[in-house]
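Some notes on the structure that comes next.
The values are calculated or read from the model by the stated rules, or taken from the named source; none is laboratory data. Since the structure is predicted, the reported quantities are computational estimates derived from the model, not experimental observations. Heads up, the Cβs are rebuilt from the backbone with ideal geometry, glycines too, and the neighbour counts pull from every protein chain shown. Side chains included, ligands, DNA and RNA excluded: accessible areas come from the protein's heavy atoms. Shrake-Rupley method; radii C 1.70, N 1.55, O 1.52, S 1.80 Å.
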Amino acid sequence: MSHQNSILVTTTSFQDVSGIHHELLNKQGYRLIKERGPLNEQRMLELVGDVDGLLCGDDEVTAKVIDKALPRLRVISKYGIGLDKIDIDYVTNKNIPLTFCPGVNHVTVAEHTFALLLCLSKNLVTEANYCSSGRWTRMTGMELSNKKILILGMGRIGKEVAKIAKAFNMEISGYDPFWDNEFADFYKIQRVFEIDKALPTTNILSLHLPLTSETRNLINKKRLSLLPSGAFVINTARGELVDSHAMADALFGESIGGYGTDVLDQEPPPSDHPLLGAPHCVITPHIGSRTYESVARQAEMAARNLILVMNGEKPLAQANNLLQKK
């Protein structure tokens with residue numbers, strides 16, 4: 001007698017937004033275990049062991065979690081594209097397919113990047129709060145036109161940011177080990193090979209790199225000191241790309257113009273996080289990809305990836321290469 005397949009679903013927007021993804025899972029007759037992620041290793045260890053599939057967000061999927069989940073676990077379906085919380089090598093070594101959802105949220109995240117930038121450059125949050133409290137205090141903002149933006153990471157999201165920057169008549173430069181010459185030529189993007197040399201002439205620094213051992217704390221005290229006074233840093237990638245203490249020091253010392261971020265190194269942040277309450281700092285709670293349109297695309301792809309693997313078929317996008325038995 002075959003058991004009913006159990007799926008652990010941890011991503012909140014997948015659960016909170018209606019759409020075809022719910023129908024797809026229900027049609028398979030899975031037993032769904034729903035949790036509000038992101039979950040730490042300890043909570044994951046408590047939940048896995050009797051689940052056949054994970055449909056996860058930014059939960060800690062460590063070697064310990066995988067060991068506890070085996071031999072029953074058959075697939076990890078990542079909702080989104082960031083894989084830094086998953087031990088990919090260990091997952092691959094254990095022959096578990098790891099799927100993900102590239103190409104579903106680049107427009108949404110790029111729009112959010114400019115939402116943060118506009119908030120900082122026009123003092124929007126501060127001014128709106130003044131008005132709501134009855135104060136008519138008028139500050140002076142900054143035009144984006146003709147300003148120099150440096151985009152670190154020219155993948156799908158970075159490219160979308162470049163398109164919007166072009167519409168704002170900005171001077172664009174980009175950094176990425178993998179360079180799309182055709183795209184760069186079309187949008188007149190100057191390629192940067194050394195970040196440190198480009199920072200002193202950068203008005204806006206926008207981060208779109210994955211989190212790796214090389215990119216952790218990429219924006220540190222030294223690099224912040226290289227930026228000109230009044231420069232803005234925007235982060236819609238990963239909080240750990242930025243040294244939070246160094247950023248807080250730069251903001252309180254007014255050596256940069258501001259920091260707009262959708263991500264933090266601890267989510268949700270503790271009450272004593274150095275960036276909470278820092279001046280010229282706009283923080284949003286990791287909602288850059290949380291629009292109805294983007295969630296629908298991500299959730300459907302994540303659900304389809306999971307179902308395909310569970311049914312012994314090839315997923316739409318797999319992050320690890322395995323010699324799978326048919």
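Observations on the structure shown:
- Among the residues of segment 129-157, those identified as among the hydrophobic types (A, V, I, L, M, F, W, C) and open to solvent by 60 Å² or more (accessible area, probe 1.4 Å) are Cys131, Trp136, Met139.
- Residues of segment 280-326 satisfying the condition of being hydroxyl-bearing (Ser, Thr, Tyr) and in a helix (DSSP H, G or I): Tyr292, Ser294
- Enumeration of residues in segment 257-285 that are at pLDDT 95 or above, open to solvent by 40 Å² or more (accessible area, probe 1.4 Å) and within 20 Å of the chain's Cα centre (by Cα): Asp265, Pro269, Pro270, Leu276, Ile283, Pro285
- Matching residues, segment 166-178, being open to solvent by 50 Å² or more (accessible area, probe 1.4 Å) and either within 20 Å of Phe114 (Cβ to Cβ) or aromatic (Phe, Trp, Tyr) (or both): Lys166, Ala167, Phe168, Asn169, Glu171, Tyr175, Phe178
- Looking only at segment 208-224, residues that are over 16 Å from Asp265 (Cβ atoms), open to solvent by less than 50 Å² (accessible area, probe 1.4 Å) and in a helix (DSSP H, G or I) come to 0 in all.
- Scanning segment 172-186 for residues that are over 16 Å from Ile204 (Cβ atoms) and either among the hydrophobic types (A, V, I, L, M, F, W, C) or in contact with a strand residue (DSSP E or B) (Cβ under 9 Å, 6 or more places away or on another chain) (or both) yields Asp176, Phe178, Trp179, Asn181, Phe183, Ala184, Phe186.
- Residue match in segment 198-207 (condition: assigned to a loop (DSSP other than H, G, I, E, B), open to solvent by less than 60 Å² (accessible area, probe 1.4 Å) and not polar (S, T, N, Q)): no
- Some residue of segment 174-192 being in contact with an Asp or Glu (Cβ under 9 Å, 6 or more places away or on another chain) and among the acidic types (Asp, Glu): no
- Lone qualifier among Val48, Val17, Val9 - being among the aliphatic types (A, V, I, L, M) and either open to solvent by 50 Å² or more (accessible area, probe 1.4 Å) or within 16 Å of Ser289 (Cβ to Cβ) (or both): Val17
- Residue satisfying condition, being surrounded by 17 or more Cβ atoms within 10 Å (Cβ to Cβ) and of a type in the set (D, E, K, R), within set Asp67, Asp59: Asp59
- Residues in segment 74-104 that are aromatic (Phe, Trp, Tyr) and closer than 16 Å to Pro38 by Cα: Tyr79 alone.
- Assessment of segment 226-247 against the conditions (more than 19 Å from Leu116 (Cβ to Cβ), in a helix (DSSP H, G or I) and open to solvent by 30 Å² or more (accessible area, probe 1.4 Å)) yields at least one matching residue.
- The set of residues in segment 78-107 that are part of a strand (DSSP E or B) and in contact with a Cys (Cβ under 7 Å, 6 or more places away or on another chain) contains only Lys78.
- Residue pairs meeting the criteria (Cβ under 8 Å; at least 6 apart or on separate chains; first in contact (Cβ under 8 Å) with a residue 12 or more places away in the chain and in a loop (DSSP other than H, G, I, E, B), in segment 144-155; second of a type in the set (S, T, N, Q) and open to solvent by less than 40 Å² (accessible area, probe 1.4 Å)): Leu144/Ser121
- Residue within segment 300-322 that is in contact with a Lys or Arg (Cβ under 9 Å, 6 or more places away or on another chain), in contact (Cβ under 8 Å) with a residue 40 or more places away in the chain, open to solvent by 30 Å² or more (accessible area, probe 1.4 Å) and farther than 20 Å from Val9 by Cβ present: no
- Criterion applied to Val104, Val61, Val91 was being under 24 Å from Ile307 (Cβ atoms), among the hydrophobic types (A, V, I, L, M, F, W, C) and at pLDDT below 95, and the one residue passing it is Val104.
- Count - residues of segment 72-106 that are buried (at least 18 other Cβ atoms within 10 Å of the Cβ) and out of contact with any strand residue (DSSP E or B) (no Cβ under 9 Å at 6 or more places or on another chain): 5
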